[in-house]
Amino acid sequence: MRAGRFPLLYPTVSFAVLLFVLGAIWYAASSQNSPAVYLLLFGLTAVFLVSIPHTLLNLADVTIAPESAKPAFAGEEVSVPVEIMNCSRATRRGIELVLPGSGGKRRRVDYIAAGKAARVTLRFPAKHRGEHRVGTFRLTSIYPLGFVRVVKKFASSQTYLVYPEPSGDPRLPTQRARSPHSRPQMELGEGDDFAGVRAYVPGESQHHIDWRAVARGQPLMTKQFAAEAEGSVRLDFFAVRFTGVEEKLSQLALWVIEAERVRRPYSLRLPNTDIAPAVGEAHFHRCMRSLSLFPEGERV
């Protein structure tokens, strides 16, 4: 990723303290006409001046490579993995990565060897549904003495999706879209024999999580049960009982999660969008993307 043209340099709080100390030493040296105090004054000033190029060099040939951010539900956290690469022949220390607008959260890397890289993850709250731009990353450092801060900016056109916050009635609609010649088929639902586990889908109910497996150090898995189902469930925007658009989208998001959890084929109907029945991760994200990108203020 290409950085800004020039790194920026800012004074820190420690710089203000240093100025106060130097002023006090200068006053003492001039009032007492003491060579030793003057020597101390010049020594501290020289140390400060020498630290400035060292601070600038600490971010020289350091760049970043952000990865794609996975979609998140409103109210949860967005995670952006970033690799900080040291392309120089010297060790870099005390580097921080910050993303303005993410609540001021920083990720610090204390040590990056020459020619190596460090991986960090920036996390910030997903406030509103929709497609959002990540913005501009910043690498900062005050190494070695902390009197000045050097900043390198990395503009990014990367975007991430925030799905609607799931809420409402978890019970799926009773209407099912089916053909007159369709046959009953075994689906994964609730209330019958245990039929195995599958990967946990963020946002769904935690009631069926296999907590024993989690206690053994395994990832989150959801229990599944065999149930008899016929046809597919039709999730219709116009059939949702809520009047507000956001409430309708939240209800549909919850139904998509529940239908996916029980592995029951489902279709989604929105204004100007009609997604055919299916099931699976690709279908899940397609439906969620349609809900996420639903125009705000749309009249229905």
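The values are calculated or read from the model by the stated rules, or taken from the named source; none is laboratory data. For clarity, every value in this text was computed on a predicted model and none was experimentally measured. So basically every Cβ, Gly included, is an ideal-geometry build from the backbone, and we count neighbours across all protein chains shown.
Just give me the residues in the stretch 127-169 being part of a loop (DSSP other than H, G, I, E, B) and modelled with pLDDT under 90, in sequence order.
First, pick out the residues of the stretch 127-169 that are part of a loop (DSSP other than H, G, I, E, B): 127-129, 142-147, 164-169.
Hit for the stretch 127-169 is Lys127, nothing else.
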**Asked** How many residues are among the basic types (Lys, Arg) and more than 16 Å from Glu67 (Cα to Cα) when one looks only at the stretch 79-138?
**Response** 9
**Item:** Candidates Pro66, Pro71 - the one that is surrounded by 13 or more Cβ atoms within 10 Å (Cβ to Cβ), of a type outside the set (S, T, N, Q) and in contact with a His (Cβ under 9 Å, 6 or more places away or on another chain)
**Value:** Pro71
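Can you name the residue in the stretch 267-286 that is touching a helix residue (DSSP H, G or I) at 6+ places or on another chain (Cβ under 7 Å) and either among the hydrophobic types (A, V, I, L, M, F, W, C) or in contact (Cβ under 8 Å) with a residue 60 or more places away in the chain (or both) and is also surrounded by the most Cβ atoms within 10 Å (Cβ to Cβ) among such residues? First the steps, then the outcome.
Let us first name the residues in the stretch 267-286 that are touching a helix residue (DSSP H, G or I) at 6+ places or on another chain (Cβ under 7 Å), namely 268-271, 273, 275, 279, 284.
If we keep only those that are either among the hydrophobic types (A, V, I, L, M, F, W, C) or in contact (Cβ under 8 Å) with a residue 60 or more places away in the chain (or both) as well, we get 268, 270, 275, 279, 284.
On the way: Leu268: 25, Leu270: 21, Ile275: 15, Val279: 17, Phe284: 18.
Top of the filtered list is Leu268.
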**Prompt:** Which strands (runs of 3 or more DSSP E) does the stretch 1-119 wholly contain that include 1 or more residues that are under 30 Å from Leu254 (Cα atoms) and without any contact (Cβ under 8 Å) to a residue 60 or more places away in the chain?
**Reply:** 77-86
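I'd like the residue in the stretch 15-32 that is small (Gly, Ala, Ser) and surrounded by fewer than 14 Cβ atoms within 10 Å (Cβ to Cβ) and, out of all such residues, is farthest from Pro53 (Cα to Cα).
That would be Ser31.
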